[in-house]
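Structure first, commentary second.
The values are calculated or read from the model by the stated rules, or taken from the named source; none is laboratory data. Treat the numbers as computed from the prediction; the structure is a model and nothing was measured. Ideal geometry is used to build each Cβ from the backbone, glycine not excepted, and the neighbour counts take in all protein chains shown.
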Amino acid sequence: MRAALGLLLVIAVQAQGIVLQPFDIPAYQSTKGIELYASRDEYEAATRDSRFRLEKLAYRSANLRVFAYLYSPVQPSGKRPAVIFNRGSFVRDEFASELLTTFHRLGEAGFVVLAPMYR
């Protein structure tokens, strides 16, 4: 049953043109201004926590390509509530470093996080 649901999700994602890819989290020191969002210890703890994964989604909104992040457990165990973490301003390819520790706290509290960027 779980495999069938996973296959249906993959088919639905492909039909919508959504590209889902693992995201390599950059090192703390290579992220400009990261100290405004997280301490080095918090950031590195979130980076090392193998219970969760961060994936980047690329999809079309009208004729623009936009991005979102999905933060979820590696081994899901039943239903989980979700947080939709909308983020505005201007189009940027990467903003996950700034939000990683917030995602991690929400993940530890039992949530799956989807963070799209406003178009």
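Could you list all residues from segment 54-75 that are loosely packed, with under 12 Cβ neighbours inside 10 Å and either in contact with a Gly (Cβ under 6 Å, 6 or more places away or on another chain) or free of Cβ contacts under 8 Å to residues at least 24 places away in the same chain (or both)?
Answer for segment 54-75, where residues must be loosely packed, with under 12 Cβ neighbours inside 10 Å and either in contact with a Gly (Cβ under 6 Å, 6 or more places away or on another chain) or free of Cβ contacts under 8 Å to residues at least 24 places away in the same chain (or both): just N63.
Among strands (runs of 3 or more DSSP E) lying entirely in segment 17-90, which contain 2 or more residues that are touching a Leu at 6+ places or on another chain (Cβ under 8 Å), at negative phi and at pLDDT below 85?
19-22
Hey, among the residues in segment 91-115 that are in a loop (DSSP other than H, G, I, E, B) and either among the aliphatic types (A, V, I, L, M) or in contact with a His (Cβ under 6 Å, 6 or more places away or on another chain) (or both), which one's farthest from A45 (Cα to Cα)?
Within segment 91-115, the subset in a loop (DSSP other than H, G, I, E, B) is 91-95, 109-111.
The next check asks that each one be either among the aliphatic types (A, V, I, L, M) or in contact with a His (Cβ under 6 Å, 6 or more places away or on another chain) (or both); those that pass are 91, 109.
Values: V91: 28, A109: 15 Å.
Among those that are in a loop (DSSP other than H, G, I, E, B) and either among the aliphatic types (A, V, I, L, M) or in contact with a His (Cβ under 6 Å, 6 or more places away or on another chain) (or both), it is V91.
What number of residues within segment 22-78 satisfy the criterion of being among the polar types (S, T, N, Q) and more than 19 Å from G107 (Cβ to Cβ)?
Qualifying residue count for the region: 5.
If R119 satisfies all but one of (1) of a type outside the set (A, V, I, L, M, F, W, C); (2) outside any loop (DSSP other than H, G, I, E, B); (3) modelled with pLDDT under 95; (4) more than 11 Å from the chain's Cα centre (by Cα), what's the number of the condition it fails?
For R119, the failing item is (2).
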